[in-house]
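Trainee: Sharing a structure, written as structure tokens. Questions coming.
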Amino acid sequence: MSDHDQLLVIVDPVARRSDGESVRIAKDVLSAGAEAKICLPDSPEEFSRVLSRRGSRRPVVVGDDRALLRAVALLHRDRTPLALVPIGPPDALEVAYGLGVPHGAVAAARTVLDGAARSLDLLVDDSGGVVLGELRLPAAPAPAAGPAPSVWGTCRSLVRTLVRPAPGEPAARTHRLRVEADGVLLADVDAPVAGVTVRPAGGGAEVTVHPGSAPPRLAVAGTLAVSGPDFRYRADGRVAGPVRHRVWTVRADGWTLTLPKQPVPLA
């Protein structure tokens, strides 16, 4: 880190509530190694305002994947370098760890100070959303919460479970989607598919279409367009939608993240 490098440390409120001790450690390490301005926004709106007024300071997010995604969505247009200290449970940090951010407040904070800025690809959709890791289509909607079962209802459910024969291999559920990669048709609504997975890599989007009963179809494209009956999608583990049409565009080297100079071994 250069002598004139100044940090804007933005501590997400969820991180403060979930693990205040790790937040304190991260702030201490960063403040000891750089001129760090600590900001404690109380809402996503205040989080955005703090970032918009960052000036020449390099933003450092202390939080989970949601906080990282929020920051990238706001900063990728001007390619502002970004750093992350991951705070939260492991299932809320899968994207960060998959990108190579170190585990633990101390190791991650030291990486902010001594690491290297690396340009990474991302997907940007036509609503302004971003995908850093993986996109899956479609995503099943969350089941609606129903009333608590009665004692008799629980007993009947248990009996049905006990007398039901062991299930065989379930048939793959299929979905009617039209999928186009750079204008090339990969799937259409008259030939339902089991799903589609997409990852930004190597300056393009690696698209895999999974037909219901055929080998996967692979493509690399700069733009992916998907349409069909109301569908949801899972971007970096978060479900969005329903929508009837969505377009994702690859931004090669579209954002910059500070990572260890030596790659972190995957857990």
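Quick note: the coordinates plus some simple rules give every number you see, no bench work behind them. Note that the structure is a prediction, hence the values are computed from the model and not measured. With ideal geometry, Cβ positions are generated from the backbone for all residues, glycine too; neighbour counts draw on all protein chains shown.
Trainee: Rounded, prolate or oblate: which fits segment 1-75 when a ≥ b ≥ c are the square roots of the eigenvalues of the alpha-carbon gyration tensor, with rounded for a/c under 1.5 and prolate only if a/b beats b/c?
Mentor: Numbers: a/c = 1.96, a/b = 1.13, b/c = 1.73.
Oblate, because a/c is 1.5 or more while a/b does not exceed b/c.
Trainee: Going by average Cβ density within 10 Å per residue, which order do the peptides 63-71, 128-136, 27-35 take, highest to lowest? Walk me through the numbers before you get to the answer.
Mentor: On the way: 63-71: 23.1, 128-136: 19.9, 27-35: 16.7.
Packing proxy ranking, top to bottom: 63-71, 128-136, 27-35.
Trainee: Using a ≥ b ≥ c from the Cα gyration tensor of segment 8-127 (square roots of the eigenvalues), is it rounded, prolate or oblate, where a/c under 1.5 gives rounded and otherwise the larger of a/b and b/c decides, a/b for prolate? Show your work: numbers first, answer last.
Mentor: Numbers: a/c = 1.25, a/b = 1.20, b/c = 1.05.
Rounded shape, in that the Cα axes give a/c under 1.5.
Trainee: Using each residue's phi in segment 237-246, evaluate 6.51 cos²θ - 1.76 cosθ + 1.60 at θ = phi - 60° and report the 3J(HN,Hα) Karplus result to the nearest Hz, with x for Gly and Pro.
Mentor: Calculated HN-Hα couplings, in order: x, 10, 8, 10, x, x, 9, 10, 7, 8 Hz.
Trainee: Okay, moving on. Tell me, what is the percent relative contact order of segment 85-135, built from C-alpha pairs under 8 Å that lie six or more residues apart?
Mentor: Numbers: 34 pairs, mean separation 15.8, N = 51.
Relative contact order comes out at 31 percent.
Trainee: Can you list the HN-Hα couplings for segment 210-224, worked out from phi with the Karplus curve (6.51, -1.76, 1.60; θ = phi - 60°), rounded to whole Hz and with x for Gly and Pro?
Mentor: So the Karplus estimates, Gly and Pro as x, are 9, x, x, 8, 7, x, x, 10, 10, 7, 10, 9, x, 9, 10 Hz.
Trainee: Over what distance in Å are the Cα centres of segment 212-267 and segment 103-140 separated?
Mentor: 12
Trainee: Now for a different question. Give a residue-ordered list of calculated ³J(HN,Hα) values for segment 19-30 (Karplus: 6.51 cos²θ - 1.76 cosθ + 1.60, θ = phi - 60°; whole Hz; x for Gly, Pro).
Mentor: Rounded to whole hertz, the list is 7, x, 5, 5, 4, 4, 4, 4, 4, 5, 5, 5.
Trainee: Here's something else I'd like to know. Under a 5 Å amide H to amide H cut-off, with H placed in plane at 1.01 Å, what residues pair with Ala187 once short-range neighbours are removed?
Mentor: The list, which skips near neighbours in sequence, is Val179.
Trainee: Apply the a/c threshold of 1.5 to the C-alpha gyration tensor of segment 171-235 and tell me whether it is rounded, prolate or oblate. Can you show the working numbers first?
Mentor: Numbers: a/c = 1.67, a/b = 1.51, b/c = 1.11.
Judged from the Cα gyration tensor, segment 171-235 comes out prolate (a/c at least 1.5, a/b above b/c).
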